[in-house]
Each structure stands twice: as structure tokens, then as C-alpha cells.
Amino acid sequence: MPVSQSVPEGVDPSVPNVARMYDYFLGGKDNFASDRAAAEQVMRTFPATALSAQENRAFLRRAVRFLVDSGVRQIVDLGSGLPTQGNTHEIAPEARVVYVDHDAVVCAHARALLAGSQVKVLQADVREPDALLDGLRGLIDFDEPVGFLMLCLLHFVPDEPAYDLVKRLHEASAPGSHLVISHAIDPKPDLTPDALEVYRRSTAALNLRTHAGISAFFEGYELVEPGLVLPKEWRPDGPVDGPPAPGYAGVGVKR
């Protein structure tokens, strides 16, 4: 049933939302007409957008399995987006999972889907790390390793709050904690302004970064092999083929 059948208080369905647009890219139905129109406009500029979303989801599955294999039993999925198939708690059922998102629709759907489970949902803005950390302290143990997932999140956060967020989480976490990032890059500078304008009219503007800019988020972490690479090239389950999606992904561990 499309999300348009139930609109949480305070949500304007006429404004495209990046979480609901991502849901549309993945083939989901939890989106409004404004989200679908904006997503279609982005895909006209970047036809590989849906492929990129799928590759990002596949990277999530492999990265979460890696965290679990590394002994991490607490995972915070920041900017988690709308619940879909292959959620973090389904990949790591033995871990304590906290989904964090700022969007009211995301949190309402997540709480409804996860009612009665041990998974927690926290509505918080990553641009306000003090409030975010206060909320997390009641849900996880910062004296134990934590896996922080930031998939397709940081390119929606401007430089100063984005780097500050990662730094604050690094400072608050124990050795053995992991940072998982996937981040879009600018593959076609001559076409990018069209896509950027779509996101400027949505709930979050894009902040595309270079490989060096994304690598800087891992300061204080040791990048695990194969480093910061195309999402499909990060420890693939099988042969890697097809066109690459425009972005990078990596996992770091705090020693």
C-alpha cells in the first residue's frame, strides 16, 4: 500500500523526500507522487541511479556480515531510510540494531514494521551530534564496539557537520568499533547541476565529494581491504561485471 494512504502529522507530501526517493529507486511503494517525479527526473540525468541503489544495498549486506564476523554486536544504522528487504537487523539478527533517521515517515514505518522486536528506532538529526549521542546512550553500550553504518547518508550533509559527526562518533566509541560508508561522487560534471537542483528542492541537497574527500572521513580508522573502492568491488560475493555505479564504499576499524 503506497505511503500516500497515510501521511504522518507535519509531513508535506508535496516536497520530495530523499528517503522516499531512495525507496522508489529500489522498487518500493512507500513514496508520494512528488518523490516519484523527482526520482524520475534524477534517473533521466543519471540512468544508473537505480543500479547504484541496488549496489549500495548489496554492499550493506556484505559489510554487515563483515561486522558480525569481526565480533561487532551493536550496529547503528544512521540515515537508515524506509524499511525494505534485507534490512540490517535481518542480516545480523544476533546484533543489537538501532535505526536512526530524521524523517517522520521513515520512523513511523520502521516502528510499525518492527513492533514487538528488540530493534530500536531513534528519530534524530545527524547534524545535531549532541542530541544524537544522548539518544544513542540509552540504547547501546559505548564501552563496547559499535558498527556505525552511513550508507548514502553523508552526501546529504554539508562538509562541517558531516566531518564533525564522524569525528564525534569516533571519539565516543570504543576500540574495535567500525565505520561503514558509501558515498556518491560526481561522474558527469556537465550534467550534475540538473540532478543537484532536484535534490535542492527536496528535503536534503547533495554534497558530492572526491575520493580524497570521502577518504578523509576515515581519519582515526584503519581501512580494511580492499580500501575505499566502488561498492561492487568491496569484497564481492562473485564475479564483478557490468557498468560501475558512481560512488565509493569502504569500512574502517578503530584501533
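The values are calculated or read from the model by the stated rules, or taken from the named source; none is laboratory data. What you see is a predicted model, and the numbers here were worked out from it, not measured in a lab. Every residue, glycine as well, gets a Cβ built from its backbone with ideal geometry; the counts of neighbours run over all protein chains shown. Ligands, DNA and RNA are stripped out before the accessible areas are found, and what is left, the full protein with its side chains, is counted by its heavy atoms. Shrake-Rupley method; radii C 1.70, N 1.55, O 1.52, S 1.80 Å.
Overview of values
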{"item": "Top-ranked residue of segment 37-77 - restricted to ones that are under 16 Å from V224 (Cα atoms) and of a type in the set (F, W, Y), ranked as least open to solvent (accessible area, probe 1.4 Å)", "result": "F59"}
{"item": "Count of segment 7-29 residues which are surrounded by fewer than 23 Cβ atoms within 10 Å (Cβ to Cβ), in a loop (DSSP other than H, G, I, E, B) and not hydroxyl-bearing (S, T, Y)", "result": "12"}
{"item": "Answer residue from segment 42-56, given it is modelled with pLDDT of 75 or more and of a type in the set (G, A, S) and is farthest from A249 (Cα to Cα) among those", "result": "A50"}
{"item": "E128 open to solvent by 10 Å² or more (accessible area, probe 1.4 Å), of a type in the set (D, E) and farther than 19 Å from R235 by Cβ", "result": "yes"}
{"item": "Residues of segment 63-85 that turn out to be part of a loop (DSSP other than H, G, I, E, B), modelled with pLDDT of 95 or more and not hydroxyl-bearing (S, T, Y), as a count", "result": "3"}
{"item": "Tally, over segment 206-226, of residues that are exposed (fewer than 15 other Cβ atoms within 10 Å of the Cβ), in contact with a helix residue (DSSP H, G or I) (Cβ under 9 Å, 6 or more places away or on another chain) and assigned to a loop (DSSP other than H, G, I, E, B)", "result": "3"}
{"item": "Top-ranked residue of segment 227-255 - restricted to ones that are basic (K, R) and assigned to a loop (DSSP other than H, G, I, E, B), ranked as farthest from H183 (Cα to Cα)", "result": "R255"}
{"item": "Hey, L154 crowded, with 23+ Cβ neighbours inside 10 Å and in contact with a strand residue (DSSP E or B) (Cβ under 7 Å, 6 or more places away or on another chain) or not", "result": "yes"}
{"item": "Residue list for segment 78-97, filter: more than 12 Å from the chain's Cα centre (by Cα) and either at positive phi or surrounded by 24 or more Cβ atoms within 10 Å (Cβ to Cβ) (or both)", "result": "G86, V97"}
{"item": "Index of the failed condition, P239 passing every other in (1) touching a residue at least 12 places away in the same chain (Cβ under 8 Å); (2) over 24 Å from I75 (Cβ atoms)", "result": "(1)"}
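Yes or no, residue by residue, for (1) at pLDDT 95 or above; (2) touching a strand residue (DSSP E or B) at 6+ places or on another chain (Cβ under 8 Å); (3) β-branched (V, I, T):
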{"position": "S173", "(1), (2), (3)": "yes, yes, no"}
{"position": "V180", "(1), (2), (3)": "yes, yes, yes"}
{"position": "K188", "(1), (2), (3)": "no, no, no"}
{"position": "E197", "(1), (2), (3)": "no, no, no"}
{"position": "G238", "(1), (2), (3)": "no, no, no"}
